[in-house]
Amino acid sequence: MVIKKKAIVFVDGNNWYHNVKSVVAKPRGLDFRKLADMVAEHFDLDIVGIRYYNSVPDIELGEENYYKHMVFLAGLKQKGLDVNTAKLKKIRTNGKTLRVEKGIDVMIATDMISKTLLESECDCCVLISGDSDFVPAMRLVKTAGKEVLTTSVLRGYARELLQGEFRFWILKKADVNKCFGGSNAK
């Protein structure tokens, strides 16, 4: 009997949401458990946790948007996902105030290192993101003898993640649609 690698899925929520919109019209209804199960089957892994990361909008940007986002995050927690958030930061540039996500990528990278190398909770990190900012952390985990792999849709999938240093899976529209309760065709 072959023992499967224990894996934790790390979802870069903002990156995933904006990239997957190129494939499905309304990505909010996606079931991350179904996605994790598909990844587990594709890579022959035993998923032991799903960690979701995203920024939280300011309520002053609109109560409806804020409360929808909070309900979405609460739903993920109810489904057993470990939800990790940071507030959007205000940055002034050229006389304009912008709100940008800060700290989420660092949070994901440190958690990947911590869960694999310090706490030994998994043998493999599955990064659901197309962001190449994670490559240094991924290399560290790989150098220590653990595995990191990525999955995302093609749009927004950084070239650095697709060059063969790490295993990857480019999700097609049909793959993404399997992660919804019903049809979600664009």
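Could you compute the net charge surrounding Met38? Neighbours are other residues with a C-beta less than 9 Å from the C-beta of Met38; K and R count +1, D and E count -1. Result for the neighbourhood of Met38: -1.
Placing unit charges on each Cβ (+1 for Lys and Arg, -1 for Asp and Glu) gives segment 47-103 a dipole about its Cα centre, and among Val56, Leu76, Asn94 the Cα reaching farthest toward its positive end belongs to Asn94. Think of each Lys and Arg Cβ as +1 and each Asp and Glu Cβ as -1; about the Cα centre, that makes the dipole of segment 1-107 roughly 280 debye.
This model, with +1 at the C-beta of Lys and Arg and -1 at the C-beta of Asp and Glu, gives the chain a dipole about its Cα centre of some 540 debye. Taken over segment 47-103, the convex hull of the Cα atoms encloses 75 Å³ per residue. Across every direction, the projection of the convex hull enclosing the Cα atoms of the chain has a mean area of 12.1 nm². Across the options Leu118, Ser132, Met107, the greatest Cα extent toward the positive end of the charge dipole of the chain (unit charges at beta carbon of Lys, Arg, Asp, Glu) belongs to Ser132. Could you give the angle, 0 to 90 degrees to the nearest 10, between helix 32-43's Cα long axis and the longest principal axis of the Cα atoms of the chain? Between the helix axis and the principal axis of the chain, the angle is about 30 degrees. For the listed residue pairs Lys6/Lys26; Lys34/Lys68; Lys5/Lys77; Lys87/Lys142; Lys34/Lys142; Lys26/Lys87, the alpha carbons are over 28 angstrom apart in Lys6/Lys26; Lys87/Lys142.
Within a Cβ distance under 9 Å of Leu81, other residues only, what is the Lys/Arg minus Asp/Glu net charge?
Values: positive: Arg33, Arg51, Lys77, Lys79; negative: Asp82.
Local net charge: +3.
Here's the list of lysines a cross-link from Lys21 could span, going by alpha-carbon distance under 16 Å and ignoring same-chain residues fewer than 8 apart: Lys172, Lys173, Lys178, Lys186.
Any read-out appearing in this document is the output of simple, stated calculations on the displayed coordinates, not a laboratory observation. Everything numeric here is computed off the predicted structure, so don't read it as measured data. For neighbour counting, all protein chains shown are included, and Cβ atoms are generated from backbone atoms with ideal geometry for every residue, glycine included.
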